[in-house]
């Protein structure tokens with residue numbers, strides 16, 4: 001029988017379908033990509049160019065009258081030796097203490113609240129979840145105004161402290177550091193020459209170790225109060241997705257409640273813990289609206305943050321290059337801390353010493369018993 005060869009098509013139908021799907025995907029995502037490009041990518045590129053130029057804020061930053069100055073704006077805020085460097089050093093000092101206190105406190109509190117409201121024996125769990133989450137949906141400006149009222153010299157907080165015999169400070173007008181205040185109670189009012197005569201970014205090491213000011217401490221409490229509810233929801237979602245088999249097995253092995261939480265539950269929450277720490281870290285380094293609404297860097301620049309200093313340098317002092325440079329230095333700081341945090345929370349292989357503890361060793365063969373001696377009769 002003769003066979004008739006069918007003509008081959010130029011392309012397979014599957015490839016045509018895939019090409020059509022790819023084209024449809026680009027068409028549907030094009031509006032979002034255009035919006036992100038116009039309102040996000042282009043402004044970032046413009047700000048990056050401004051940080052390397054002498055733009056004065058008038059006209060286009062890409063005009064021929066704007067010159068390229070290289071790293072001069074970055075050098076002015078990091079090695080200039082003048083007021084710009086000192087302000088940047090003070091803002092980094094303030095924000096560093098803010099991060100050190102807020103991130104651990106809000107993470108621990110949100111995890112505690114999540115474990116508390118996730119328990120089946122708790123009545124009214126929906127009410128408590130709503131109550132704990134409510135400060136997170138309130139405007140930060142409204143919360144800041146409320147905090148200014150509560151922490152005033154005659155506010156509610158000082159009234160409560162007076163009931164237990166404590167004379168509360170004038171919170172948002174006290175520039176002293178809490179670490180220096182604690183040392184002053186034991187008679188230490190000045191540091192050694194090694195700390196007072198040396199420093200970083202025109203700020204002595206003694207001032208770096210001053211701790212957050214009393215005013216910044218009030219902002220720390222406000223941040224913990226307003227953000228713990230959001231992170232609580234993330235931990236609740238993670239806890240509800242955990243299987244109870246491992247926890248029940250640990251309970252059968254005699255593990256206590258704390259041991260089950262520390263050895264069983266918490267390791268399974270590592271992805272959520274990384275997310276919470278990363279979001280908290282980014283939010284703390286970008287704190288701006290509370291400072292703008294509340295103290296605007298005062299008293300004595302002890303609540304000045306890099307984000308607010310970037311705004312102040314660019315929009316108030318008209319130093320647009322320095323303001324953009326501060327913003328990109330802050331971006332690098334956030335990226336470095338995020339990478340370091342990811343490295344710390346990475347999945348580590350089990351060590352050989354610990355793996356040996358879980359090895360199942362074959363049982364030794366039993367020694368065969370020899371022939372029993374015959375009993376002799378007398």
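The values are calculated or read from the model by the stated rules, or taken from the named source; none is laboratory data. As the structure is a computational prediction, the values presented were derived from the model and not from experiment. Neighbour counts run over all protein chains shown; Cβ positions are idealised from the backbone, glycine included.
Computed values, structure above
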{"quantity": "Unmet requirement for residue 71, which otherwise passes all of (1) within 30 Å of residue 177 (Cα to Cα); (2) modelled with pLDDT of 90 or more; (3) out of contact with any helix residue (DSSP H, G or I) (no Cβ under 8 Å at 6 or more places or on another chain)", "calculated": "(1)"}
{"quantity": "Whichever residue in the stretch 125-135 is closer than 18 Å to residue 239 by Cβ and surrounded by 10 or more Cβ atoms within 10 Å (Cβ to Cβ) and, among such residues, is modelled with the lowest pLDDT", "calculated": "125"}
{"quantity": "Filter result for the condition that a residue is over 30 Å from residue 264 (Cα atoms), modelled with pLDDT of 90 or more and assigned to a helix (DSSP H, G or I), over 232, 216", "calculated": "216"}
{"quantity": "Members of the stretch 298-352 found to be assigned to a loop (DSSP other than H, G, I, E, B), farther than 22 Å from residue 270 by Cβ and either touching a strand residue (DSSP E or B) at 6+ places or on another chain (Cβ under 9 Å) or in contact (Cβ under 8 Å) with a residue 24 or more places away in the chain (or both), listed by number", "calculated": "298, 299, 300, 301, 302, 303, 304, 305, 318, 319"}
{"quantity": "Test result for residue 166, assigned to a loop (DSSP other than H, G, I, E, B), more than 16 Å from residue 215 (Cβ to Cβ) and without any contact (Cβ under 8 Å) to a residue 24 or more places away in the chain", "calculated": "yes"}
{"quantity": "Residue under evaluation residue 175, criteria (1) over 16 Å from residue 226 (Cβ atoms); (2) surrounded by fewer than 11 Cβ atoms within 10 Å (Cβ to Cβ); (3) modelled with pLDDT of 90 or more, criterion not met", "calculated": "(2)"}
{"quantity": "Answer from 161, 266, 242, 209 - the residue that is touching a helix residue (DSSP H, G or I) at 6+ places or on another chain (Cβ under 9 Å), at pLDDT 85 or above, surrounded by fewer than 19 Cβ atoms within 10 Å (Cβ to Cβ) and within 30 Å of residue 128 (Cα to Cα)", "calculated": "266"}
